[in-house]
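Trainee: I have a structure here, written as structure tokens, and I will follow up with some questions on it.
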2 protein chains.
Amino acid sequence: MHHLILENIARHISLDQEEINCFINCLKQKKVSKKEFILRGEQICKYINFVHSGVLRAYYLDKEGKQSTIMFAVTDWWITDMFCFINNQPAMLTIEAVEDSIIFQLSKDDLDSLYIKTPKFERFFRIIFQNAYIREQLRTIQNLSLTAEERYHIFLNKYPQVVKQVTQKQIASYLGITPEFLSTIRGGKNRK
Amino acid sequence: MHHLILENIARHISLDQEEINCFINCLKQKKVSKKEFILRGEQICKYINFVHSGVLRAYYLDKEGKQSTIMFAVTDWWITDMFCFINNQPAMLTIEAVEDSIIFQLSKDDLDSLYIKTPKFERFFRIIFQNAYIREQLRTIQNLSLTAEERYHIFLNKYPQVVKQVTQKQIASYLGITPEFLSTIRGGKNRK
DNA sequence: AAGCTTTCTTAAACTACCTTATTTTTTTCA
DNA sequence: TGAAAAAAATAAGGTAGTTTAAGAAAGCTT
């Protein structure tokens, strides 16, 4: 059951059996049904979540009710409201299952102990954050310099499996455009 | 001379004297004049840079010659083309001094050795990347959900010292709008 | 201080993208 | 399976932000 998350970790650091056991003891497995929330409203964000199967989506909800999708997380991804997780603050983001999913949750307290007891996890999350930062920075470049249509095609190429699992409305909110406009972008091109 | 960078590091980890010496030996001090480039074109990005004094700016330059400013770095900030630094690839970003500046450069090789010799640096950069990721993600939310005018005012509040040191054109390219439109935003409001 | 270059301002015409509304298609779940 | 709900398509009219252009102001260089 833990093979996916252990492989994910083994991609960057090597743990011995005791470290593996200690790590696994920190994990809470959770089943989430489609449309169920694992974080919402002003809740404190207690966990960082690894997606074992399914798809989750994190989005910001503004006062007018408009959603801006921050990220989709499919199998093998980590997802949380990072700011609120790190600072133990009420969440800014909502995290919702797009499909029935199985996740492993790691609490802030357990992660802090892990950093002390097994400093290799500092390295692991250093690499995870480094990659997350690079991805997010690339997204900023694209948001600043490309049109919606260009961003859409990049999204299609970069996350082909996500495209199959989420609605057009959700993709639009990731691209920062309305579903109507995404529809015209798509309609204009490859009609089948 | 190294007090600023050492304080920057001491904010997250404690080093003993030997570790400090070892770290300082890795640093290359460099003076950069206004408008001088520390990274451009297809150059390999060899260094991560700490700004001791002055201001640097990193931007993406597209085929049409349009600049998109990724970040400004003032005193006490770290700046590099992270993707290319990590992967030893030709740079996507240009980094230019906005004012005469003094920086400390740490090479990829030295950083990799530091991670091994003094694993506390894994923790240090884990925290640096974590914060960078959170900042960049917040910027994405704002790019997706706010108007240019709202983003401009947030920028003013968040980086008041940067505002004084860079041109309006550079701020516009950070916000993802034209200098002309920034001018009308500013003109509309607080005329003095 | 003069001249050159770059930045800033203003304004009019233009475009990418939004809003609102209606219809069609797909999904949900009793 | 069939009714209700949600998502997608289409279209008309509107707005935030762009483009182009030209003049005014500020920053560099000699």
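Trainee: In chain A, which Cys residues have no partner Cys with a Cβ closer than 4.7 Å?
Mentor: A:Cys22, A:Cys26
Trainee: Let me ask something additional. Please compute the modelled spin-label separation between B:Glu7 and B:Thr75, points set 7 Å along Cα→Cβ, answer in nm with one decimal.
Mentor: Result: 0.8 nm between the two label points.
Trainee: What are the membrane-span-like helices in chain B by this rule: whole DSSP H runs, Cα extent along the axis at least 27 Å, mean Kyte-Doolittle hydropathy at least -0.5?
Mentor: B:120-145
Trainee: Measuring from label point to label point, each 7 Å out along Cα→Cβ, what is the B:Asn25 to B:Arg186 span in nm?
Mentor: With each label point 7 Å from Cα toward Cβ, the separation is 4.9 nm.
Trainee: OK, next. Please count, across region A:48-192, the pairs of lysine residues with Cα atoms under 24 Å apart that sit 8 or more places apart or on different chains.
Mentor: Summing the qualifying lysine pairs gives 12.
Trainee: Also, I was wondering about something else. Please say if region A:53-192 is rounded, prolate or oblate, where rounded means a/c under 1.5 for a ≥ b ≥ c the square roots of the C-alpha gyration tensor eigenvalues, and otherwise the choice is prolate for a/b larger than b/c and oblate otherwise?
Mentor: prolate
Trainee: Quick one: net charge around B:Asp110, please, counting Lys, Arg +1 and Asp, Glu -1 for every other residue with C-beta under 11 Å from its C-beta. Walk me through the numbers on the way to the answer.
Mentor: Numbers: positive: B:Lys28, B:Lys46, B:Lys108, B:Lys117; negative: B:Asp109, B:Asp112.
Spelling it out: positives minus negatives among the neighbours equals +2.
Trainee: Further, regarding this structure: Once fully extended, how much extra length lies between A:Glu99 and A:Asp16, figured as 0.36 nm per residue of separation less the alpha-carbon to alpha-carbon distance?
Mentor: Result for the pair: 26.5 nm of gain on full extension.
Trainee: For the pair A:His153 and A:Lys117, how long in nm is the line joining their label points, each one 7 Å along Cα→Cβ?
Mentor: Going by the 7 Å Cα→Cβ label model, 5.1 nm.
Trainee: List A:Leu93, A:Leu15 from most exposed to least, where exposure is judged by having the fewest other Cβ atoms within 10 Å. Each step should come with its number before you reach the end.
Mentor: Details: A:Leu93 26, A:Leu15 17.
Sorted ascending by nearby Cβ count, the order is A:Leu15, A:Leu93.
Trainee: Shape of the protein assembly as shown from its Cα gyration tensor (a ≥ b ≥ c, root eigenvalues): rounded if a/c is under 1.5, otherwise prolate when a/b > b/c, or oblate?
Mentor: Oblate.
Trainee: If you don't mind, there's one more thing I want to ask. If you filter region A:5-64 for GluC sites (Glu not before Pro), then keep DSSP loop positions with at most 15 other Cβ within 10 Å, what is left? Kindly include the intermediate steps, with their values, before the conclusion.
Mentor: Values: sites: A:Glu7, A:Glu18, A:Glu19, A:Glu36, A:Glu42, A:Glu64; in loops: A:Glu36, A:Glu42, A:Glu64.
Listed in order of number, the matching sites are A:Glu36, A:Glu42, A:Glu64.
Rule-based calculations on the coordinates, nothing more; no lab input. Computed from a predicted model, the values in this text were never measured in an experiment. Glycine also receives a Cβ, built like all others from the backbone with ideal geometry; neighbour counts cover every protein chain displayed.
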